[in-house]
Amino acid sequence: MVDRRKGWHRLTRSNRQKSSNANPANMPSFDQTPLAKSLAENLQMLQSLYADCADVVFHDFLIGEQTKAVLIYTDGLTNVEEVDQHVLAPLQQSLELQHTIPNIRNMISVLSIKLMRTIGDAVTEISNGNPVLLVDQESQGLSFGLSKWQKRSIEEPTAESVVRGPREGFIETLATNTSLLRQKIKGPHLKIKSMRIGRYSNTPVAVAYMDGIADPALIEEVMNRLQRIQIDGVLSDAAIEELIEDNPFSPFPQLLSTERPDVACGYLLEGHVVILVDGTPSALIAPVTFFSLLQSPDDYTDRYFIGTATRWLRYLFLFVSLLGPSLYVAVVSFHQEMLPTTLLLTLARSREQVPFPALVEALLMETMFEALREAGARLPKQIGSAVSIVGALVIGQAAISAGIASAPMVMVVAITGIASFMAPRFTAGIAVRLLRFPMMFLASFLGLLGVILGVTVILTHLLTLRSFGVPYMEPLAPLQVRGLKDVLIRAPRWALRTRPHLTGEWNKYREAPGQRPSPEKGDEGE
Amino acid sequence: MNNSEGMFVPMRKWRAALLLLFLCSQTFFLTGCWNRIEINDLAIITAAGFDLTQDEKVEITVNLFLTHTQGNVDMMGGSSGPGGSTPQSLVQSASGINLADALSKLQQILSRNIFWGQNEVFIFGETLARRELIEPMDFLTRHPAPRERANVFVSKGSAKEVLKLQPPVERNLAEVLRELAKTQTGLNITVKELAQMMAGKASAAVIPLVEIKKQEKIKIPIIKGTAIVKNGRMIGRMDDVATRGVLWLRNEIKKATVTVTPEDKEGYVSFELLKSHTELTPHIEGNEWSITAKIDTLDDIVENTTSINLLDTEQTKRLEEKLADDLVNRVNLALTRAQKEMKADIFNFADVFYRKYPKEWNQVKDRWDEIYPQVKVKVEAHPNITRPGLTGKNFLKRN
């Protein structure tokens, strides 16, 4: 234990020193070892590093039948035909006498050729699938951008489907993902910084932002937080998210994860920073506000009246999903006089057979519902529908007729369930869904007073929360009247002239004035 | 060692925080949820009545909603609809020296907690009302549970008899009485209004009277007439017609259909009230106190069996005059009963005078009972026929 920890500490210390350099990647100690003049020495070093790596191939040959050289590539990550045709063939048939690196470079008809000076560079290139060429008597090597690996084709995002708008989603390959961003924002203002995170996984991470729109301090903060990360491997962007968020104890997500390049570009143009992680088909967006978690791309593709109405519906059902069962429990066990008489009489009649207090009944049904949801989510799609049938029809109905739960309770749970699915961002929905349970306890202990207390605590938490320095409840608190037009309502495009505050204050306007379409004035008379 | 110190200080902090959190959470259980009551433990009272028993005790009668009727077990199927053969409510009563005492006796015989939160109707038996209303009204306004917005009625006969009725249309009796009061053809008085009237300068009040009407085999409650309360006791009744006059003068009339016979014609013309406003203007000249009651109404004609052409403004003018006469008569009838016979200031003239002549009123406030019957009331009605209906003249009638 102690030893391992010590080793880890040593690693972090060495990395901290390095992070002051230009290259922040956390490579083990061979990282900076320069390539030796002798090929045998280099080979020995690399072969010891890649001992027992059956997929790394060392191919030695002679350039122009005289100079010794080795081509190193990873099987399955490299486009072998291209290497044969454009690297091996010209080199072996070379008639030149001087086989220096600049000469070789000119002989090879490959677009992407990189010069390497250290063993670390070579390892990185090999890991990426780029073939590496080492030549005897040269303390430099060449790598060729001829990698080619299996990747998924671009598909429609499953978790964020829209009615209208682009249908493409991010995939697991970082290069494809950055290209998707570049396809949408074609100018040079889209900047993409890249880095590697993970002691062993060496996962490429890209940070994209719009030059001149995004706050330079924000970009620096994002880069700093990313460089702080010292873990062994990054297998999904969730790991990154948990390591860079502002408040690690909050149930609310402080970074937004999206599968859609159009959403990512939308945020880029508002001055946010997008973090792309290789191997994850989604992008992280920072900073975010609470309201951006309640927005859907469809808000902007629908007519703005409809977008506004849907937004309001979503806000309403956010409250329902948080407070539905707790309000029911509070009213039923403390404030019976608040209900209209007829409603209370109906409730009383349906609750007559139920043996449990309202809280237990609510907890029972809510837990049941959460279990059903979880079961449905993990099962294959074909069986998932069976679960919902069993859950909704059989258990729901049977619970009522067996007298375990009352019909109004089942209804409340069902409405709450639907309400929690209405949050366009799954992570926001699940946070609210979790908070529902403490709220139910508070409601059953203290009635509506407890509900108010709970809401106050949650609201206070939300108000203190920040995402990369931006207040979470912005623009509502602190109030930014200009920002409300995209929060309380969805104003038409021609009215959304300004970018959100704090992320775009130095490049305030995103539209020229007078964008509202109207017939040209003053033409009639002439 | 240095390292271990750095590790353990936050650990200790954590432990302290967790302990604190745990202790805080225990306070929830200490509360014991003292006022949490499940619906299953409630005896929901929908209507309550107060009577005077033979031995001068107060009897409280409540109409309890029955939550477990037969046929309710299977809730998935059609639940037993209201008006089924099984009774929807249960009547229970208990008596004591006062209302609070009677209520505690009532709780003794009920297995569930008495719940006043949904009670919307209070009925005073006439005998109790005639003896005194101050004691029950103190209970109703002081106790936090009964609602101030519940309707009050006085029953002809005992309140218990009214509460025992099984209404055929509505779900329970309270619903029937409330809806009857709401239609505004009679009075609609709540506990709060009654308390205000009784405690007001006039110290007189009106309460709608409930009567049991037997129609073939079904007994139904109806609102018929008004009980007049003065100085905390019921002193008399007014019939239906006089009650209408009271409503006009109190500016509480909302719905009315008035039928008049034109002098020189045969048949009737009926008006339906659209809007009405009554304004009381007090005057004091020397020793003479008088009040002008100005009634402005808008009316529609809904039936015409005479040969009058209603499109003729001359004719409608005359009809308006006729209608005005009718209104004045109605109001005068109520005035005579209240002012001359019962001497109860149910129209709250006292306040009207006080607002305009506070000094004069203060001088006579102890003698108001003597002055009130002498107040001269001039009633002016200004009806305005707005629409003659969809047809002008009665076109079925040939003349």
Check your understanding: Could you give every pair whose Cβ atoms fall below 6 Å, whose first residue belongs to the range A:477-498 and is without any contact (Cβ under 8 Å) to a residue 40 or more places away in the chain, and whose second residue is among the polar types (S, T, N, Q), counting only separations of at least 6 or pairs across chains?
Key -> A:Arg482/A:Thr498; A:Trp494/A:Gln515
Review point. Within the set of pairs 6 or more residues apart or between chains, which connect a residue that is without any contact (Cβ under 8 Å) to a residue 40 or more places away in the chain inside the range A:438-449 to a residue that is surrounded by fewer than 22 Cβ atoms within 10 Å (Cβ to Cβ) and assigned to a helix (DSSP H, G or I) with Cβ atoms less than 6 Å apart?
Key: A:Phe445/B:Phe28
**Study point:** All positions within the range B:115-150 that are under 12 Å from B:Ala195 (Cβ atoms) and surrounded by 14 or more Cβ atoms within 10 Å (Cβ to Cβ)
**Key:** B:Phe122, B:Leu133, B:Pro136, B:Met137, B:Asp138, B:Phe139, B:Leu140, B:Thr141, B:Pro146, B:Ala150
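Could you list, in sequence order, the residues of the range B:136-150 that are more than 14 Å from chain A (Cβ to nearest Cβ) and within 21 Å of B:Gln92 (Cβ to Cβ)? Walk me through it before giving the result.
Going through the range B:136-150, the residues more than 14 Å from chain A (Cβ to nearest Cβ) turn out to be B:136-142.
Those that are more than 14 Å from chain A (Cβ to nearest Cβ) and within 21 Å of B:Gln92 (Cβ to Cβ): B:Pro136, B:Phe139, B:Leu140.
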Check your understanding: From the list B:Lys230, B:Lys265, B:Lys275, which one is in contact with a Ser or Thr (Cβ under 9 Å, 6 or more places away or on another chain) and at pLDDT below 85?
Key -> B:Lys265
Point to revise | Members of the range B:336-351 found to be outside any loop (DSSP other than H, G, I, E, B) and either farther than 17 Å from B:Lys378 by Cβ or touching a residue at least 40 places away in the same chain (Cβ under 8 Å) (or both), listed by number | key: B:Arg337, B:Ala338, B:Glu341, B:Met342, B:Phe349, B:Ala350, B:Asp351
Exercise for review: Would you be able to say whether some residue in the range A:411-422 is away from chain B (no Cβ under 14 Å), among the polar types (S, T, N, Q), surrounded by fewer than 21 Cβ atoms within 10 Å (Cβ to Cβ) and part of a helix (DSSP H, G or I)?
Suggested key: no
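Considering only the range A:76-160, give the helices (runs of 4 or more DSSP H) lying wholly within it that have at least 2 residues that are in contact (Cβ under 8 Å) with a residue 40 or more places away in the chain and not assigned by TED's automatic domain parsing to the domain that holds A:Thr427. Even if it seems obvious, please write down each step before you answer.
Values: elements: A:80-83, A:89-92, A:101-107, A:119-127.
Of the helices (runs of 4 or more DSSP H) lying wholly inside the range A:76-160, those with at least 2 residues that are in contact (Cβ under 8 Å) with a residue 40 or more places away in the chain and not assigned by TED's automatic domain parsing to the domain that holds A:Thr427 span A:80-83, A:101-107, A:119-127.
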Exercise for review: Could you tell me whether any residue of the range A:449-470 is under 29 Å from the mean Cα position of the chain (by Cα) and within 14 Å of chain B (Cβ to nearest Cβ)?
Suggested key: yes
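Here is a yes/no grid of residues against (1) over 30 Å from A:Leu344 (Cβ atoms); (2) surrounded by fewer than 17 Cβ atoms within 10 Å (Cβ to Cβ); (3) of a type in the set (A, V, I, L, M):
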position: A:Gly429; (1), (2), (3): yes, no, no
position: A:Phe441; (1), (2), (3): no, no, no
position: A:Leu448; (1), (2), (3): no, yes, yes
position: A:Met473; (1), (2), (3): yes, no, yes
position: A:Asp486; (1), (2), (3): yes, no, no
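Would you confirm, using the coordinates I've provided, whether B:Phe153 is closer than 14 Å to B:Glu193 by Cα, more than 14 Å from chain A (Cβ to nearest Cβ) and either in contact with a Phe, Trp or Tyr (Cβ under 9 Å, 6 or more places away or on another chain) or modelled with pLDDT of 90 or more (or both)? So that I can check it myself, show each step before the final result.
Working: closer than 14 Å to B:Glu193 by Cα: yes; more than 14 Å from chain A (Cβ to nearest Cβ): yes; either in contact with a Phe, Trp or Tyr (Cβ under 9 Å, 6 or more places away or on another chain) or modelled with pLDDT of 90 or more (or both): yes.
So B:Phe153 fits the description; yes.
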**Study point:** Scope the range A:263-296; condition surrounded by fewer than 21 Cβ atoms within 10 Å (Cβ to Cβ) and within 23 Å of A:Val207 (Cβ to Cβ); matching residues
**Key:** A:Gly266, A:Leu269, A:Glu270, A:Gly279
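Go over the candidates B:Thr306, B:Thr292, B:Thr316 one by one and state the one that is surrounded by 14 or more Cβ atoms within 10 Å (Cβ to Cβ), within 15 Å of B:Val379 (Cβ to Cβ) and in the same structural domain as B:Ala338 (by TED's automatic domain parsing).
Details: B:Thr306 fails: within 15 Å of B:Val379 (Cβ to Cβ); B:Thr316 fails: within 15 Å of B:Val379 (Cβ to Cβ).
Being surrounded by 14 or more Cβ atoms within 10 Å (Cβ to Cβ), within 15 Å of B:Val379 (Cβ to Cβ) and in the same structural domain as B:Ala338 (by TED's automatic domain parsing) holds for just one of B:Thr306, B:Thr292, B:Thr316, which is B:Thr292.
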Check your understanding: Within the range A:216-228, is even one residue surrounded by 14 or more Cβ atoms within 10 Å (Cβ to Cβ), in a loop (DSSP other than H, G, I, E, B) and in contact (Cβ under 8 Å) with a residue 24 or more places away in the chain?
Key -> no
Point to revise | Index of the failed condition, B:Arg112 passing every other in (1) within 14 Å of chain A (Cβ to nearest Cβ); (2) at pLDDT 85 or above; (3) exposed (fewer than 14 other Cβ atoms within 10 Å of the Cβ) | key: (3)
Exercise for review: Looking at (1) over 30 Å from A:Ala36 (Cα atoms); (2) crowded, with 18+ Cβ neighbours inside 10 Å; (3) hydroxyl-bearing (Ser, Thr, Tyr), find the lone condition where A:Thr203 falls short.
Suggested key: (1)
Review point. What residue, among those in the range A:343-394 that are hydrophobic (A, V, I, L, M, F, W, C) and under 22 Å from B:Leu64 (Cβ atoms), is farthest from the other protein chains (Cβ to nearest Cβ)?
Key: A:Leu343
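The values are calculated or read from the model by the stated rules, or taken from the named source; none is laboratory data. Every value quoted in this text rests on a predicted model; they were computed, and no experiment measured them. Reconstructed Cβ throughout: ideal geometry from the backbone, glycine too, with neighbour counts over all protein chains shown.
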